[in-house]
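Please read the structure below before turning to the comments.
The values are calculated or read from the model by the stated rules, or taken from the named source; none is laboratory data. In this text, all values refer to a predicted model and were calculated from it rather than measured experimentally. Virtual Cβ from ideal backbone geometry, glycine too; neighbours counted across all protein chains shown. Each accessible area value is taken on the protein alone, full model and side chains, heavy atoms only, with ligands, DNA and RNA left out. Shrake-Rupley method; radii C 1.70, N 1.55, O 1.52, S 1.80 Å.
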Amino acid sequence: MGLIKKLPVYTEHIPGGSLVTTSVNSVLTMAQAKSLWYLLFGTACCAIELMATGASRYDFDRLGMIFRASPRQADIMLVAGTITKKMAPRVKRIYDQMAQPRYVLAMGGCAIGGGPFYYDCYSVLKGVDKIIPVDVFVPGCPPRPEALLQGCLEVGKKIRTLKLDEWS
Amino acid sequence: MELAPIFAWIYDLLISLGLSVALADLVSQIGLAVFVFSLLCVLALFLVWWERKISAHIQQRFGPMMTGWHGVFQTVMDALKLLQKEDITPTVADRGVFFWAPVIVFTCAFAAYIVIPFGKGLIVSDLNIGILYIIAITTFTIIGLMMAGWGSNNKYALLGGMRSAAQVVSYEVPLVLSIMGVVMVTGSMSMNDIVAAQSGWAGFRWNIIFQPLGFVIYIIAATAEANRTPFDLPEAEQELVAGFNIEYSGMKFAMFFLAEFVNMFTVSAIATTVFLGGWNGPLLPSWMWFLGKTLAMVFVLMWFRWTFPRLRVDQLMEFAWKVLLPLAFVNIIYVGVLALWLK
Amino acid sequence: MAEELRTEDMTMNMGPQHPSTHGVCRLVLTLDGEVIKDCQPVIGFLHRSIEKMCENRTYAQCIPLMDRFEYCTSMSCNWAFCLAAEKLSDIKVPERGEYLRVIMGELNRIASHLIFVGVTPMDCGALTPFLYTFRERERIMDLFEMTCGQRLTYNYIRIGGVAKDIPPEFIPKCREFLDIFEEKIRDYEKLLVDNPIWIARNKGVGIITPQLVYDYCISGPSARASGVNFDIRKNDPYSIYDRFDFDIPLGTGGDCYDRFNVRVNEMRQSARIVAQALDHLPDGEIRVKVPLKFKPNPGEVYSRRENSRGEMGVYLVSDGSTKPFRIRARGGSFSHLQAVPHIVKGLKIADLVAIFASMDIIMPEIDR
Amino acid sequence: MTKAELTAHITTTFSGQVTVIENTQPEPYFIVKPEDLVAFARFIHDDSALQLTFLMNLAGADTGERYEVVYNVCSYQLKHRIFFKIQLPHDNPEFDTVIQVWPGANWFEREVWELFGMTVRNHPNLTRFLLEDDWNEGFPLRKGWTGTDFIPLPDRG
């Protein structure tokens, strides 16, 4: 992993080296974008919609996304549902356990900014980006499966734009 | 279009180049090993893609579609992505054990292919204790699984490791007994002899016709051997999150993942050579027969996974010792009588 | 020999993030090898204080919150809340409104049972029934989307009736769904009910005795699976359930296997109700005119409704203002999770997962 | 049994003092003194004519000047139900547990304690389970309670 990061430094000096890095860069980032293994972090209503997206009509597997139960093997964390203050330290811990290049997709109003539980609520964390960096927000309460699929494609597009040494 | 003459031609070419016989042997053996290893890696990648497509179509959905035609390069993308993943070793983990576990599981999965006859003359080295060697090597993977379970210092992994040890040990005995039935009939343990013994009736004198019970016992024990549902307790996703490979990420996890599929192919390859007549078959070249039968067996294993629920640990043990083992003994007695009667 | 072997108990966390805890529930297990000696559920990870929020909202604003109270059958949560409000100021819902409520409520029960029938085998290892049941559930989602525009949290049942009338193509599509549904249920049963591994994993596991039902207020299908014959639709009828003839499936053993079969048969009965309701659907008003600043006359009421997971009760106190003074929503899973440690003692982890799934426990009802 | 019969039966046979609240609902509603709560609970649970064995709901309520704990109980066998409540002073509300009569009341009482602050005498496990572990901002469901980032809904008229 370290070597790949230092690749651009070496190949720059060889004539035509940048051509090599850009092509390697595009292949590696395409590989990441095309096979995002998602860690299901379903807490509330969005979890049911996430299951419906995983089912046969709006299949996640078409995008190459399979469900991995352990955070070590997951690339993208789908935070689906309300994150309460009691749950926040657990979310942070699981995010730290994930292996690098990791991404987060905040699904649903509650994960983006507290959603319907913004006013008068003493126990809900107003948005998951207060504790972990979020890449893509998918609004909706719960968002339709098509919106979620489009969100995942957005994560893919975002990965494509990253350079080799800019990974999170 | 047999492949064996090609290897023979390469060997003669080496000799003509003036290498000494020993050196030529060495080079050709290494070449063959590299060829078989790369062939298996490609095959494992194909199997991963095939399993995702079969499971998708069983479950009325599409499966990978985005990378290439019908997601053909999906597994290549997965492998490339796993290459880039950070390779985490938990601080509390038992470093050495944690590091060597996937290595052992990976090498044992590939080591079994030395004696498997891919076709007429297409065998890396025809040991005269072929089948015994395979059984010994495949049970080696338990040590890898237990090391993974113990090494990652994670309660789920420990449970997964212990379960895999209990399961594979108790399903080893019926597996060996069912294969022994065939060895009794053919009289030799070398794989080529086993296949040769089934080449009667224009290539259809398979052992399964004479020992159907042995075949059934073998298939059940083999599913348990390869940790496939309904016996996939070591990595039961719903109970133990991800079983023994819970702390592995990046390339270490990829090695476990590939080893599981290669194990599945090994188990099906043994099934074809021992029970379904190996590469015997009219018209088509021998290696095509072998590949067809093995992929059919792999399809059956995949079919099991997407239809059956999972057994509980104690039911697993009970089934092995109280049902499968007595049946295996009955099979041995039946084969003994059959062998006497055939003489 | 076993006594000399000094074995230690291992405490293990089926933590808040676990594939089979149906949301965020943490079970602290003390294990002796694989056998569970003690199980302490830790809840509160989804406590969204819906009761405190409702005290500062008008009655119309409370309904979407009650949707999210139990999101698998949010139609019946709306209905329970509206029942309570209507009981307070005895509003008479027009005929068509009542029929639409029954149709939507029963379709929502079928959808919730389909989630159950899909997820329970998944927890026991069979991954395919989940896809088949969600394929049927998508058809019901289309029906709901046609009428109330949302797939999961409908905000459809309002105080005094129903929000919108059903579009013309609702009835043919609904009939078409009901026709194929019976045959699909037979598919699920073919795949599971007489599957020896499924029977081995579920028969005689997690027995709930009728005494336990009374002690721990277990209600709904989990209680009926132990032979306790109580269904609120029949014994304490609300709205127009006494006009339909349907029977209550009852189990005998009270184990996971019976709980599964009771829910599968309940889907059949709900389909029967929907078919009958569609036949006698009258025309006319769908909603009584209720002022936006609806002020019920003061008083206290406890209305309850047969939800797919158990008894859904709403205790409503109103002081005559536009905002409810106190709301207490009670779902079935709250007492079911309370009973799980007593059922699971001495069984294995695989049994715990099977029991937890078969009691159809989900977290929003517990944490509110 | 109808509402009138139930009220008559309970008021006559129960030893302690019970007041009946008139309400339009079909269920009888009683106020029980906190001291003989457990006796009343045992009576309605064991009485052969009532057999109110199923505790549907146990809710706390803060009515500004006093606290109330409302019990809704029903009988699965005889298919009838009654409500009763106890009223507690506003300064330190305390009431006895009914776990020995209905074991299911365990978590209901814990929740009443955690969100309202009414201590439950001899409850086996009165610990926090809904709010976060290091919660120190009082009892949220009390009237007029506000917390750190507790933003009330702006009233749009």
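A few remarks follow.
- On the stretch given as the stretch D:72-109, residues that are farther than 20 Å from D:F129 by Cβ, of a type in the set (F, W, Y) and assigned to a loop (DSSP other than H, G, I, E, B) total 1.
- All of (1) open to solvent by less than 10 Å² (accessible area, probe 1.4 Å); (2) at pLDDT below 90 hold for B:T294 with one exception: (2).
- Checking each residue in the stretch B:136-181 for being in contact with a strand residue (DSSP E or B) (Cβ under 7 Å, 6 or more places away or on another chain) and either acidic (D, E) or within 23 Å of B:L327 (Cβ to Cβ) (or both) picks out no residue at all.
- For the stretch A:76-168, no strands (runs of 3 or more DSSP E) sit wholly inside it while including 2 or more residues that are at pLDDT 90 or above, open to solvent by 50 Å² or more (accessible area, probe 1.4 Å) and more than 14 Å from chain B (Cβ to nearest Cβ).
- Residues that are farther than 7 Å from B:F275 by Cβ and part of a helix (DSSP H, G or I) were ranked within the stretch B:200-213; the one that is modelled with the lowest pLDDT is B:G203.
- The set of residues from the stretch B:218-235 being closer than 19 Å to B:L177 by Cα and in a loop (DSSP other than H, G, I, E, B) comprises just one member, B:A226.
- Scan of the stretch C:67-83 for residues that are open to solvent by 10 Å² or more (accessible area, probe 1.4 Å) and away from chain A (no Cβ under 14 Å), ordered by number: C:L83
- Residue match in the stretch C:84-95 (condition: under 18 Å from C:D367 (Cα atoms) and surrounded by 18 or more Cβ atoms within 10 Å (Cβ to Cβ)): no
- Qualifying residue in the stretch B:273-281 (condition: within 11 Å of another protein chain (Cβ to nearest Cβ), hydrophobic (A, V, I, L, M, F, W, C), surrounded by 20 or more Cβ atoms within 10 Å (Cβ to Cβ) and part of a helix (DSSP H, G or I)): no
- Any hit, the stretch B:151-170, residues being buried (at least 23 other Cβ atoms within 10 Å of the Cβ), among the aromatic types (F, W, Y) and in the same structural domain as B:W279 (by TED's automatic domain parsing): yes
- If you check C:R6, C:R57 for being more than 9 Å from every other protein chain (Cβ to nearest Cβ), farther than 29 Å from D:N125 by Cα and either open to solvent by less than 30 Å² (accessible area, probe 1.4 Å) or in a loop (DSSP other than H, G, I, E, B) (or both), only one passes: C:R6.
- Within the stretch D:54-71, considering residues that are in a loop (DSSP other than H, G, I, E, B) and more than 9 Å from chain C (Cβ to nearest Cβ), the one nearest to C:D215 (Cα to Cα): D:R66
- Number of positions in the stretch C:141-155 that are in contact (Cβ under 8 Å) with a residue 40 or more places away in the chain and closer than 11 Å to C:Y71 by Cβ: 3
- Screening B:T91 on (1) farther than 22 Å from B:A269 by Cα; (2) in the same structural domain as B:W289 (by TED's automatic domain parsing); (3) open to solvent by less than 40 Å² (accessible area, probe 1.4 Å) shows it passes everything except condition (3).
- Residue within the stretch B:272-290 that is over 18 Å from the mean Cα position of the chain (by Cα), more than 30 Å from B:M146 (Cα to Cα) and among the hydroxyl-bearing types (S, T, Y) present: yes
- Residue in the stretch B:56-67 that is out of contact with any Lys or Arg (no Cβ under 8 Å at 6 or more places or on another chain) and more than 12 Å from chain A (Cβ to nearest Cβ) present: no
- Unique residue being at pLDDT below 90 and surrounded by fewer than 18 Cβ atoms within 10 Å (Cβ to Cβ) when the list is D:P89, D:P93, D:P140: D:P89
- One residue alone among A:F41, A:F67 is buried (at least 23 other Cβ atoms within 10 Å of the Cβ), in the same structural domain as A:G108 (by TED's automatic domain parsing) and under 17 Å from B:Q238 (Cβ atoms), and that residue is A:F41.
- Residues of the stretch C:121-179 satisfying the condition of being within 14 Å of chain B (Cβ to nearest Cβ), open to solvent by less than 10 Å² (accessible area, probe 1.4 Å) and of a type in the set (D, E, K, R): C:D123, C:E136, C:R137, C:E138
Per-residue answers, yes or no, for (1) open to solvent by less than 40 Å² (accessible area, probe 1.4 Å); (2) at pLDDT below 85; (3) in contact with a helix residue (DSSP H, G or I) (Cβ under 8 Å, 6 or more places away or on another chain); (4) charged (D, E, K, R):
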position: D:P26; (1), (2), (3), (4): no, yes, yes, no
position: D:A39; (1), (2), (3), (4): no, no, no, no
position: D:D46; (1), (2), (3), (4): no, no, no, yes
position: D:C74; (1), (2), (3), (4): yes, no, no, no
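- Among the helices (runs of 4 or more DSSP H) confined to the stretch C:191-253, the ones with at least 1 residues that are under 27 Å from C:L127 (Cβ atoms) are located at C:196-202, C:221-224.
- Note on the stretch C:254-267: residues that are part of a helix (DSSP H, G or I) and either over 16 Å from the mean Cα position of the chain (by Cα) or among the hydrophobic types (A, V, I, L, M, F, W, C) (or both) amount to 7.
- For the stretch B:96-130, a residue qualifies if it is buried (at least 22 other Cβ atoms within 10 Å of the Cβ) and within 13 Å of the chain's Cα centre (by Cα), and the qualifying residues are B:V105, B:C108, B:A109, B:A112, B:V115, B:I116.
- For the stretch C:310-368, the set of residues classified as open to solvent by 10 Å² or more (accessible area, probe 1.4 Å), among the small types (G, A, S) and without any contact (Cβ under 8 Å) to a residue 40 or more places away in the chain consists of C:G320, C:S321, listed by residue number.
- Each residue in the stretch B:298-335 was checked for being assigned to a helix (DSSP H, G or I) and open to solvent by less than 20 Å² (accessible area, probe 1.4 Å), and 9 pass.
- Some residue of the stretch C:40-54 being farther than 24 Å from D:L141 by Cα and surrounded by fewer than 24 Cβ atoms within 10 Å (Cβ to Cβ): yes
- Every residue from the stretch D:72-88 that is under 11 Å from D:M56 (Cα atoms) and either hydrophobic (A, V, I, L, M, F, W, C) or at the interface with chain C (Cβ under 9 Å from one of its Cβ atoms) (or both): D:N72, D:V73, D:C74, D:Y76, D:R81, D:I82, D:F83
- Taken over the stretch D:117-138, the criterion of being touching a residue at least 12 places away in the same chain (Cβ under 8 Å) and more than 11 Å from every other protein chain (Cβ to nearest Cβ) is satisfied by D:G117, D:M118, D:T119, D:V120, D:R121, D:N122, D:H123, D:P124, D:L126.
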